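Some notes on the structure that comes next.
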Amino acid sequence: MKQKQGIFNILGLIIIIVVLILVLNLFSVNPEKCSENIRTLTLKAEGQAKSFPDIGVVSVSIKTLDKNASKAQTHNAELFQNMKKELNNSVKKIESEAYNIYPDYDYIKYKKVFNGYKVVHTLKITADVQKLGLILDKLVSIGIVNIQNIYFELSKSKQKEAIQKSVQNAIENAKTKAETSAKAMGVKLLKIHSVDINGNPIINTYPVALRAAETSNIKDVEINPRELTLKTYINIVYEIK
């Protein structure tokens, strides 16, 4: 009988310990961060900020074809130099992303026909959004019509501004969540103990595709990008009592 009573006492003690652990997890007590064993409430929240992009990135390819590989390369290099000269101060930077040379073939009546050597120089052109229309017009005027797409970005200053706003919104959202949670648990919120940004802020960029048939007729095109959304995720810790 005493043995059974001892077993029940042990089971009761285990149940009490489990309940205490659940309660501690609920209130997120963190001895490592709270040296005085302060009770805390930890929440995750998301904040958003929208901003119109001020930077455009154009993806373009210079393509040349010639029976002689050396001539194909020379012609490609000439187009590249003409492009740099034509764009000059209109762009922030021009970067090479890929350079390929390969034999080009067609298949006519099941026969392989050699067209020549094709050289493809893929570039990334970065410029202010308001100059994109002029840049597209200049590219087409010198015979570069292989414009794949345009990506829109935020400059560093606008990124900083958007990040600050999104973090502020995330903290406000966390505060609303904390007040609701505290009321439901019957505790009182004190001060914010810590705020940690969970990873890097995420900017939802998008491409605008341009087909070669369309780019051949570009003239004084006006580019009007839509707003970009920046998202910030945070972990926020409140002290409670």
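For region 135-158, a residue qualifies if it is surrounded by fewer than 16 Cβ atoms within 10 Å (Cβ to Cβ), touching a strand residue (DSSP E or B) at 6+ places or on another chain (Cβ under 8 Å) and outside any strand (DSSP E or B), and exactly one does: 155.
Every condition in (1) outside any loop (DSSP other than H, G, I, E, B); (2) modelled with pLDDT of 85 or more; (3) under 24 Å from residue 139 (Cα atoms) is met by residue 214 except one, and the failing one is (2).
Whenever a residue of region 127-141 is farther than 10 Å from residue 222 by Cβ and touching a residue at least 60 places away in the same chain (Cβ under 8 Å), its partners that are surrounded by fewer than 19 Cβ atoms within 10 Å (Cβ to Cβ) and of a type in the set (Lys, Arg), lying with C-beta atoms within less than 9 angstrom and at least six residues away or across chains, give the pairs 127/92; 127/93; 128/92; 137/219; 140/219. Residues in region 98-127 that are charged (D, E, K, R) and at pLDDT below 95: 4 in all. Where residues in region 36-53 are surrounded by fewer than 16 Cβ atoms within 10 Å (Cβ to Cβ) and more than 11 Å from residue 166 (Cα to Cα), which of them is modelled with the lowest pLDDT? Going through the qualifying residues, I end up with 36.
Could you list, in sequence order, the residues of region 92-111 that are among the basic types (Lys, Arg) and either within 13 Å of residue 62 (Cβ to Cβ) or surrounded by 10 or more Cβ atoms within 10 Å (Cβ to Cβ) (or both)?
Restricting attention to region 92-111, the residues satisfying the condition of being among the basic types (Lys, Arg) are 92-93, 109, 111.
92 - this is the single residue of region 92-111 that is among the basic types (Lys, Arg) and either within 13 Å of residue 62 (Cβ to Cβ) or surrounded by 10 or more Cβ atoms within 10 Å (Cβ to Cβ) (or both).
Taking residues in region 186-198 that are in the same structural domain as residue 47 (by TED's automatic domain parsing), and partners anywhere that are exposed (fewer than 14 other Cβ atoms within 10 Å of the Cβ), the pairs with Cβ atoms closer than 6 Å and at least 6 places apart or on different chains are 188/241. When we screen 118, 63, 44 for residues that are on the phi < 0 side of the Ramachandran plot, over 33 Å from the mean Cα position of the chain (by Cα) and in a strand (DSSP E or B), the only hit is 118.
Checking the condition surrounded by 15 or more Cβ atoms within 10 Å (Cβ to Cβ), of a type in the set (D, E, K, R), modelled with pLDDT of 90 or more and in a helix (DSSP H, G or I), which residue from 172, 179, 161 passes? Break it down into steps so the answer makes sense when it comes.
On the way: 172 fails: surrounded by 15 or more Cβ atoms within 10 Å (Cβ to Cβ); 179 fails: surrounded by 15 or more Cβ atoms within 10 Å (Cβ to Cβ).
The unique qualifying residue is 161.
Each row is one residue, and each column tells you yes or no for (1) free of Cβ contacts under 8 Å to residues at least 24 places away in the same chain; (2) in a helix (DSSP H, G or I); (3) among the charged types (D, E, K, R).
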site: 70; (1), (2), (3): yes, yes, no
site: 76; (1), (2), (3): no, yes, no
site: 95; (1), (2), (3): no, no, yes
site: 99; (1), (2), (3): yes, no, no
site: 103; (1), (2), (3): yes, no, no
site: 123; (1), (2), (3): no, no, no
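Among the residues of region 175-196, those identified as under 23 Å from residue 37 (Cβ atoms) and either under 32 Å from the mean Cα position of the chain (by Cα) or acidic (Asp, Glu) (or both) are 178, 181, 192, 193, 194, 195, 196.
Given the structure, is residue 132 at pLDDT 90 or above and buried (at least 17 other Cβ atoms within 10 Å of the Cβ)? Working first, answer last.
On the way: at pLDDT 90 or above: yes; buried (at least 17 other Cβ atoms within 10 Å of the Cβ): yes.
Yes, satisfied.
The values are calculated or read from the model by the stated rules, or taken from the named source; none is laboratory data. A quick note: this is a predicted structure, and the numbers were derived from the prediction, not measured. Positions of Cβ are generated from backbone atoms using ideal geometry, with glycine treated the same way; all protein chains shown enter the neighbour counts.
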